[in-house]
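Undergrad: One structure, as C-alpha coordinates, below. Some questions next.
The values are calculated or read from the model by the stated rules, or taken from the named source; none is laboratory data. Source: prediction; values computed, not measured. Virtual Cβ from ideal backbone geometry, glycine too; neighbours counted across all protein chains shown. The protein model used for the area step is the full one, side chains on, heavy atoms only, and it has no ligands, DNA or RNA in it. Shrake-Rupley method; radii C 1.70, N 1.55, O 1.52, S 1.80 Å.
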Amino acid sequence: MIPFAGSPLNRASEKRTDANWIESKRRDPSSLVLPLWRLEPFLLGSEKSGPPIELGLLRPGIADSLAGAEAAWVFLGLDGDRAVFALDVSQAADPGNVGALAGLGYFRDARMAASMVSLKDAAIIGQAKALIDWHQRHGFCPRCGAPTTTMDAGYRRLCGKCNAEHFPRVDPVVIMLATEGEACLVGRGKQFPSGMFSALAGFVEPGETIEEAVRRELMEEASVRIGEVTYYATQPWPFPSSLMIGCFAKAESRDVKADENELAEVRWVERRVARELIEGKQVDGLRVPPPIAIAHHLIRTWALGEK
Ligand SMILES: [Zn+2]
(Lines give C-alpha, C1' and ligand atoms only; values in the text may rest on other atoms or scores of the structure.)
Protein backbone atom coordinates (compact mmCIF):
# COMPACT_ATOMS: atom_id res chain seq x y z
CA MET A 1 0.00 0.00 0.00
CA ILE A 2 1.27 3.46 -0.90
CA PRO A 3 1.07 6.04 1.96
CA PHE A 4 -1.84 8.54 1.83
CA ALA A 5 -3.92 5.96 -0.10
CA GLY A 6 -6.41 3.53 1.40
CA SER A 7 -8.50 5.62 3.79
CA PRO A 8 -10.60 3.50 6.17
CA LEU A 9 -13.36 6.14 6.20
CA ASN A 10 -16.60 6.01 4.24
CA ARG A 11 -16.73 9.51 2.78
CA ALA A 12 -20.55 9.42 2.86
CA SER A 13 -20.64 12.30 0.38
CA GLU A 14 -24.46 12.16 0.21
CA LYS A 15 -24.54 13.45 3.82
CA ARG A 16 -22.53 16.62 3.10
CA THR A 17 -25.57 18.62 1.99
CA ASP A 18 -27.70 17.45 4.95
CA ALA A 19 -26.92 20.40 7.23
CA ASN A 20 -29.03 19.08 10.14
CA TRP A 21 -27.31 15.70 10.10
CA ILE A 22 -23.85 17.28 9.84
CA GLU A 23 -24.62 19.71 12.68
CA SER A 24 -25.88 16.91 14.95
CA LYS A 25 -22.71 14.90 14.24
CA ARG A 26 -20.56 17.96 14.93
CA ARG A 27 -22.08 18.03 18.44
CA ASP A 28 -22.32 14.28 18.97
CA PRO A 29 -19.93 13.30 21.79
CA SER A 30 -19.16 10.01 20.02
CA SER A 31 -17.83 11.83 16.95
CA LEU A 32 -14.09 12.36 16.51
CA VAL A 33 -12.17 15.45 15.45
CA LEU A 34 -8.61 15.71 14.16
CA PRO A 35 -7.19 19.14 15.04
CA LEU A 36 -4.67 20.66 12.65
CA TRP A 37 -2.52 23.51 13.85
CA ARG A 38 -0.93 25.46 11.02
CA LEU A 39 -1.54 22.37 8.85
CA GLU A 40 0.19 20.04 11.30
CA PRO A 41 -1.99 17.11 12.50
CA PHE A 42 -2.26 16.24 16.19
CA LEU A 43 -0.67 13.01 17.45
CA LEU A 44 -1.27 11.35 20.81
CA GLY A 45 1.44 10.71 23.39
CA SER A 46 4.73 12.47 23.81
CA GLU A 47 7.40 13.26 21.25
CA LYS A 48 9.56 10.70 23.01
CA SER A 49 7.09 7.80 22.65
CA GLY A 50 8.02 5.14 20.13
CA PRO A 51 5.80 3.57 17.49
CA PRO A 52 3.01 2.87 16.99
CA ILE A 53 2.03 6.52 17.14
CA GLU A 54 -1.71 7.14 17.32
CA LEU A 55 -3.52 9.86 15.45
CA GLY A 56 -4.90 12.58 17.77
CA LEU A 57 -8.63 12.05 17.21
CA LEU A 58 -10.52 13.88 19.98
CA ARG A 59 -14.08 14.44 21.23
CA PRO A 60 -15.69 17.46 19.54
CA GLY A 61 -15.91 19.53 22.75
CA ILE A 62 -12.18 19.37 23.41
CA ALA A 63 -11.21 20.31 19.88
CA ASP A 64 -13.85 23.04 19.52
CA SER A 65 -12.58 24.86 22.61
CA LEU A 66 -9.39 25.64 20.66
CA ALA A 67 -10.90 26.90 17.42
CA GLY A 68 -12.22 30.36 16.62
CA ALA A 69 -15.82 30.81 15.42
CA GLU A 70 -14.60 31.18 11.83
CA ALA A 71 -12.26 28.19 11.92
CA ALA A 72 -12.41 25.87 8.91
CA TRP A 73 -13.70 22.35 9.53
CA VAL A 74 -14.41 19.46 7.20
CA PHE A 75 -16.43 16.24 7.43
CA LEU A 76 -13.92 13.52 6.54
CA GLY A 77 -16.33 10.59 6.63
CA LEU A 78 -17.76 7.79 8.73
CA ASP A 79 -15.93 5.14 10.70
CA GLY A 80 -18.89 2.80 11.16
CA ASP A 81 -21.56 5.11 12.59
CA ARG A 82 -19.03 7.49 14.04
CA ALA A 83 -18.39 10.73 12.15
CA VAL A 84 -14.83 11.98 11.77
CA PHE A 85 -14.00 15.65 11.19
CA ALA A 86 -10.90 17.79 10.70
CA LEU A 87 -10.71 21.19 12.41
CA ASP A 88 -8.32 24.09 11.89
CA VAL A 89 -7.03 25.27 15.30
CA SER A 90 -4.35 27.56 13.85
CA GLN A 91 -5.73 30.52 15.82
CA ALA A 92 -4.63 29.01 19.13
CA ALA A 93 -1.19 30.30 20.10
CA ASP A 94 0.39 27.06 21.32
CA PRO A 95 -2.29 24.35 21.67
CA GLY A 96 0.19 21.53 22.24
CA ASN A 97 1.37 23.12 25.45
CA VAL A 98 -1.44 25.42 26.61
CA GLY A 99 -5.19 24.71 26.89
CA ALA A 100 -7.32 21.58 26.49
CA LEU A 101 -4.70 19.60 24.53
CA ALA A 102 -1.77 20.24 26.86
CA GLY A 103 -0.24 16.94 27.92
CA LEU A 104 -2.35 14.86 25.49
CA GLY A 105 -0.03 14.97 22.51
CA TYR A 106 1.75 17.18 20.03
CA PHE A 107 1.51 18.58 16.50
CA ARG A 108 3.81 17.36 13.76
CA ASP A 109 4.42 18.34 10.13
CA ALA A 110 1.97 16.29 7.98
CA ARG A 111 4.62 14.49 5.96
CA MET A 112 6.56 13.46 9.05
CA ALA A 113 3.36 12.54 10.93
CA ALA A 114 2.16 10.36 8.05
CA SER A 115 5.37 8.34 8.19
CA MET A 116 4.93 7.78 11.96
CA VAL A 117 1.33 6.49 12.07
CA SER A 118 -0.42 3.47 10.50
CA LEU A 119 -1.18 3.58 6.77
CA LYS A 120 -4.89 4.00 7.54
CA ASP A 121 -4.20 7.01 9.75
CA ALA A 122 -1.80 8.43 7.15
CA ALA A 123 -4.68 8.45 4.64
CA ILE A 124 -6.83 10.40 7.11
CA ILE A 125 -3.99 12.90 7.58
CA GLY A 126 -3.73 13.31 3.81
CA GLN A 127 -7.43 14.05 3.34
CA ALA A 128 -7.56 16.41 6.33
CA LYS A 129 -4.40 18.32 5.42
CA ALA A 130 -5.33 18.79 1.76
CA LEU A 131 -8.82 20.08 2.59
CA ILE A 132 -7.90 22.42 5.47
CA ASP A 133 -5.03 23.75 3.35
CA TRP A 134 -7.48 24.42 0.50
CA HIS A 135 -9.80 26.36 2.82
CA GLN A 136 -6.92 28.46 4.12
CA ARG A 137 -6.04 29.51 0.56
CA HIS A 138 -9.56 30.07 -0.82
CA GLY A 139 -11.13 32.62 1.48
CA PHE A 140 -11.66 34.94 -1.48
CA CYS A 141 -13.33 34.38 -4.82
CA PRO A 142 -10.81 34.08 -7.69
CA ARG A 143 -13.44 35.50 -10.04
CA CYS A 144 -14.46 38.70 -8.23
CA GLY A 145 -12.34 38.93 -5.07
CA ALA A 146 -15.23 38.91 -2.57
CA PRO A 147 -15.14 36.65 0.52
CA THR A 148 -16.34 33.05 0.11
CA THR A 149 -18.11 30.89 2.69
CA THR A 150 -17.89 27.17 3.39
CA MET A 151 -20.72 24.92 2.18
CA ASP A 152 -21.44 21.18 2.04
CA ALA A 153 -19.47 20.25 5.18
CA GLY A 154 -16.29 21.68 3.72
CA TYR A 155 -16.42 20.46 0.09
CA ARG A 156 -17.57 23.67 -1.57
CA ARG A 157 -17.03 27.41 -1.11
CA LEU A 158 -19.57 29.90 -2.35
CA CYS A 159 -18.88 33.52 -3.28
CA GLY A 160 -21.26 35.85 -1.43
CA LYS A 161 -21.15 38.42 -4.23
CA CYS A 162 -21.10 36.71 -7.64
CA ASN A 163 -22.36 33.26 -6.48
CA ALA A 164 -19.42 31.46 -8.10
CA GLU A 165 -18.87 28.01 -6.63
CA HIS A 166 -15.39 26.72 -5.84
CA PHE A 167 -14.47 23.10 -5.23
CA PRO A 168 -11.39 21.54 -3.61
CA ARG A 169 -8.82 21.05 -6.33
CA VAL A 170 -6.50 18.18 -7.10
CA ASP A 171 -3.47 18.90 -9.26
CA PRO A 172 -2.19 15.97 -11.39
CA VAL A 173 1.56 15.40 -11.36
CA VAL A 174 3.30 12.74 -13.43
CA ILE A 175 6.17 10.94 -11.71
CA MET A 176 7.97 8.46 -13.89
CA LEU A 177 10.79 6.01 -13.81
CA ALA A 178 12.49 5.88 -17.18
CA THR A 179 14.15 2.53 -17.83
CA GLU A 180 16.50 1.21 -20.52
CA GLY A 181 17.44 -2.45 -20.34
CA GLU A 182 18.84 -3.14 -16.86
CA ALA A 183 19.06 0.52 -15.78
CA CYS A 184 16.65 3.16 -14.53
CA LEU A 185 17.00 6.94 -14.57
CA VAL A 186 17.04 9.01 -11.38
CA GLY A 187 17.71 12.70 -10.90
CA ARG A 188 18.69 15.05 -8.13
CA GLY A 189 16.60 18.22 -7.96
CA LYS A 190 18.51 21.37 -7.12
CA GLN A 191 16.65 21.68 -3.81
CA PHE A 192 17.16 18.02 -2.79
CA PRO A 193 19.42 17.09 0.13
CA SER A 194 22.88 15.99 -0.89
CA GLY A 195 22.94 12.48 -2.39
CA MET A 196 19.14 12.18 -2.72
CA PHE A 197 18.01 11.00 -6.16
CA SER A 198 14.44 10.30 -7.21
CA ALA A 199 12.20 9.56 -10.18
CA LEU A 200 11.62 12.67 -12.31
CA ALA A 201 8.29 14.46 -11.98
CA GLY A 202 6.29 17.42 -13.20
CA PHE A 203 2.79 18.90 -13.36
CA VAL A 204 0.45 17.79 -16.12
CA GLU A 205 -0.34 20.87 -18.20
CA PRO A 206 -3.76 21.85 -19.56
CA GLY A 207 -4.47 20.11 -22.86
CA GLU A 208 -2.08 17.25 -22.19
CA THR A 209 -2.52 13.52 -21.56
CA ILE A 210 -0.60 11.65 -18.87
CA GLU A 211 1.56 9.95 -21.52
CA GLU A 212 2.30 13.27 -23.23
CA ALA A 213 3.28 14.85 -19.92
CA VAL A 214 5.63 11.93 -19.14
CA ARG A 215 7.35 12.26 -22.52
CA ARG A 216 7.56 16.06 -22.34
CA GLU A 217 8.97 16.14 -18.81
CA LEU A 218 11.65 13.53 -19.54
CA MET A 219 12.65 15.39 -22.70
CA GLU A 220 12.71 18.77 -20.92
CA GLU A 221 14.52 17.65 -17.80
CA ALA A 222 16.85 14.96 -19.11
CA SER A 223 16.74 15.10 -22.94
CA VAL A 224 15.62 11.45 -22.93
CA ARG A 225 13.43 10.20 -25.78
CA ILE A 226 10.64 7.88 -24.56
CA GLY A 227 8.75 5.09 -26.29
CA GLU A 228 6.15 3.14 -24.35
CA VAL A 229 4.61 4.68 -21.21
CA THR A 230 2.74 2.44 -18.76
CA TYR A 231 0.66 3.37 -15.73
CA TYR A 232 1.76 2.05 -12.33
CA ALA A 233 -0.32 3.59 -9.51
CA THR A 234 -1.39 6.93 -8.08
CA GLN A 235 -0.75 8.58 -4.72
CA PRO A 236 -2.66 11.43 -3.12
CA TRP A 237 0.07 13.90 -2.09
CA PRO A 238 -1.36 16.71 0.05
CA PHE A 239 1.47 19.24 -0.47
CA PRO A 240 -0.66 21.09 -1.12
CA SER A 241 -3.08 19.17 -3.38
CA SER A 242 -1.31 16.91 -5.84
CA LEU A 243 -2.22 13.54 -7.21
CA MET A 244 1.02 11.79 -8.11
CA ILE A 245 0.51 9.61 -11.20
CA GLY A 246 3.25 6.99 -11.20
CA CYS A 247 4.38 5.62 -14.58
CA PHE A 248 7.13 3.57 -16.13
CA ALA A 249 8.65 4.98 -19.31
CA LYS A 250 10.79 3.00 -21.77
CA ALA A 251 13.72 5.12 -22.95
CA GLU A 252 14.96 4.67 -26.52
CA SER A 253 18.59 5.12 -25.46
CA ARG A 254 20.72 6.08 -22.47
CA ASP A 255 21.67 9.42 -23.99
CA VAL A 256 20.91 11.89 -21.25
CA LYS A 257 21.59 15.52 -20.32
CA ALA A 258 20.24 17.22 -17.20
CA ASP A 259 18.39 20.51 -17.61
CA GLU A 260 20.51 22.78 -15.46
CA ASN A 261 17.54 24.90 -14.44
CA GLU A 262 15.72 21.97 -12.82
CA LEU A 263 18.21 19.27 -11.95
CA ALA A 264 21.64 19.18 -10.39
CA GLU A 265 22.36 15.75 -11.87
CA VAL A 266 20.80 12.70 -13.58
CA ARG A 267 22.15 9.16 -13.44
CA TRP A 268 21.37 5.73 -14.84
CA VAL A 269 21.32 3.20 -12.02
CA GLU A 270 21.74 -0.54 -12.61
CA ARG A 271 19.01 -2.82 -11.29
CA ARG A 272 21.30 -4.55 -8.77
CA VAL A 273 22.23 -1.12 -7.33
CA ALA A 274 18.56 -0.11 -7.23
CA ARG A 275 17.85 -3.21 -5.11
CA GLU A 276 20.34 -1.98 -2.52
CA LEU A 277 19.02 1.58 -2.61
CA ILE A 278 15.45 0.54 -1.79
CA GLU A 279 16.74 -1.22 1.31
CA GLY A 280 17.76 2.23 2.53
CA LYS A 281 21.43 1.76 1.73
CA GLN A 282 23.62 4.48 0.31
CA VAL A 283 25.56 3.37 -2.78
CA ASP A 284 28.27 5.58 -4.35
CA GLY A 285 26.97 8.53 -2.31
CA LEU A 286 23.48 8.01 -3.74
CA ARG A 287 20.20 7.27 -1.93
CA VAL A 288 16.51 7.22 -2.88
CA PRO A 289 13.35 8.46 -1.10
CA PRO A 290 11.80 6.46 1.76
CA PRO A 291 8.50 4.53 1.40
CA ILE A 292 6.36 7.63 2.15
CA ALA A 293 6.98 8.66 -1.50
CA ILE A 294 5.59 6.88 -4.56
CA ALA A 295 9.06 7.24 -6.15
CA HIS A 296 10.28 4.62 -3.69
CA HIS A 297 7.55 2.20 -4.82
CA LEU A 298 8.28 2.82 -8.51
CA ILE A 299 11.96 2.07 -7.99
CA ARG A 300 11.17 -0.94 -5.77
CA THR A 301 8.72 -2.47 -8.24
CA TRP A 302 11.18 -2.16 -11.10
CA ALA A 303 14.21 -3.22 -9.04
CA LEU A 304 12.46 -6.41 -7.93
CA GLY A 305 11.57 -7.23 -11.52
CA GLU A 306 7.84 -6.86 -10.96
CA LYS A 307 7.74 -4.46 -13.89
ZN1 LIG B 1 -17.17 36.02 -6.69
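Undergrad: For residues that are free of Cβ contacts under 8 Å to residues at least 24 places away in the same chain and aromatic (Phe, Trp, Tyr), scanning just the range 131-183, find the one that is farthest from the ligand (Cβ to nearest atom).
TA: PHE167
Undergrad: Please go through (1) over 15 Å from ASP121 (Cβ atoms); (2) in a strand (DSSP E or B) for GLN91 and return the number of the only condition it doesn't satisfy.
TA: The single condition GLN91 does not satisfy is (2).
Undergrad: Right, here's the next one. For the range 287-301, how many residues are part of a loop (DSSP other than H, G, I, E, B), buried (at least 20 other Cβ atoms within 10 Å of the Cβ) and touching a helix residue (DSSP H, G or I) at 6+ places or on another chain (Cβ under 8 Å)? Steps first, please.
TA: Restricting attention to the range 287-301, the residues satisfying the condition of being part of a loop (DSSP other than H, G, I, E, B) are 288-293.
Going one step further and asking which of them are buried (at least 20 other Cβ atoms within 10 Å of the Cβ), we end up with 288-289, 293.
With the extra rule that they be touching a helix residue (DSSP H, G or I) at 6+ places or on another chain (Cβ under 8 Å), the set shrinks to 288-289.
Of the residues in that region, 2 qualify.
Undergrad: Here's another thing I want to ask about it. Name the residue, out of PRO193, PRO172, that is open to solvent by 60 Å² or more (accessible area, probe 1.4 Å) and within 24 Å of the chain's Cα centre (by Cα). Steps first, answer last, please.
TA: Values: PRO172 fails: open to solvent by 60 Å² or more (accessible area, probe 1.4 Å).
One residue alone meets the criteria, PRO193.
Undergrad: What's the number of the only condition in (1) open to solvent by less than 60 Å² (accessible area, probe 1.4 Å); (2) within 25 Å of the chain's Cα centre (by Cα); (3) of a type in the set (Asp, Glu) that GLU180 fails to meet?
TA: The number of the failed condition is (2).
Undergrad: Would it be correct to say that ARG82 is within 16 Å of the ligand (Cβ to nearest atom), charged (D, E, K, R) and farther than 17 Å from PRO3 by Cα?
TA: Judged against the criteria, ARG82 is not a match.
Undergrad: Can you confirm whether ARG111 is modelled with pLDDT of 95 or more, open to solvent by 30 Å² or more (accessible area, probe 1.4 Å), out of contact with any Leu (no Cβ under 9 Å at 6 or more places or on another chain) and within 16 Å of the ligand (Cβ to nearest atom)? It would help to see each step written out before you state the result.
TA: Details: modelled with pLDDT of 95 or more: yes; open to solvent by 30 Å² or more (accessible area, probe 1.4 Å): yes; out of contact with any Leu (no Cβ under 9 Å at 6 or more places or on another chain): yes; within 16 Å of the ligand (Cβ to nearest atom): no.
The answer is no for ARG111.
Undergrad: While we're here: Given (1) among the hydrophobic types (A, V, I, L, M, F, W, C); (2) touching a Leu at 6+ places or on another chain (Cβ under 7 Å); (3) closer than 25 Å to VAL84 by Cα, identify the lone condition not met by LEU158.
TA: Among (1) among the hydrophobic types (A, V, I, L, M, F, W, C); (2) touching a Leu at 6+ places or on another chain (Cβ under 7 Å); (3) closer than 25 Å to VAL84 by Cα, LEU158 violates only (2).
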